[in-house]
Amino acid sequence: MLEGKSVKLPKVLEDEKNSLYKKLLDSGLIVGVCKACSKVMGVYEDNEKLGLTFLDDMKGHAGMEKYISQGYQVLVF
């Protein structure tokens, strides 16, 4: 899940043809990007064109409860 400023990364990583990003995307480890942050950061259209899933179950933002309840841990960088 990409949240905050990280929603700007997909276009950059696609343009660079970053192999690690591609592997993470193909494996399903990147489940989507925050819809509200994509709009605020001005990359909504870029992320939409890339076919990324917008996560907006928490008043437009990406909610984490679903993942926490499944045993995932939240990492913040």
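Note on segment 25-77: lysine pairs with Cα distance below 16 Å, sequence gap of 8 or more or different chains, count 4. Rounded to the nearest 20, the size of the Cβ-charge dipole of the chain about its Cα centre is 80 debye, with Lys and Arg at +1 and Asp and Glu at -1. Near Leu55, the amide H atoms lying under 5 Å from its own belong to Val33, Cys34, Lys35; only residues 5 or more places off or on other chains count, and H is placed 1.01 Å from N.
The distance between label points at His61 and Val40 comes to 0.7 nm (points 7 Å beyond Cα on the Cα→Cβ vector).
Compared with the rule-of-thumb size 2.2 N^0.38 Å for a compact globular protein, the chain has a Cα radius of gyration ratio of 1.06.
Whole angstrom only: what separates the Cα centroid of segment 47-67 from the Cα centroid of segment 2-32? Centre-to-centre (Cα) distance: 14 Å.
Test of the criteria: in the chain, which trypsin sites (Lys or Arg not before Pro) are in a DSSP loop and have at most 13 other Cβ atoms within 10 angstrom of their Cβ? Kindly include the intermediate steps, with their values, before the conclusion.
Values: sites: Lys5, Lys8, Lys11, Lys17, Lys22, Lys23, Lys35, Lys39, Lys49, Lys59, Lys66; in loops: Lys17, Lys59.
Of the trypsin sites (Lys or Arg not before Pro), the ones in loops of the chain whose Cβ has at most 13 other Cβ atoms within 10 Å are Lys17, Lys59.
Here, each number is a calculation from the coordinates, and none is a lab measurement. Small disclaimer: the values here were computed from a predicted structure and weren't measured. Using ideal geometry, Cβ is built from the backbone for each residue, glycine included, and neighbour counts are taken over all protein chains shown.
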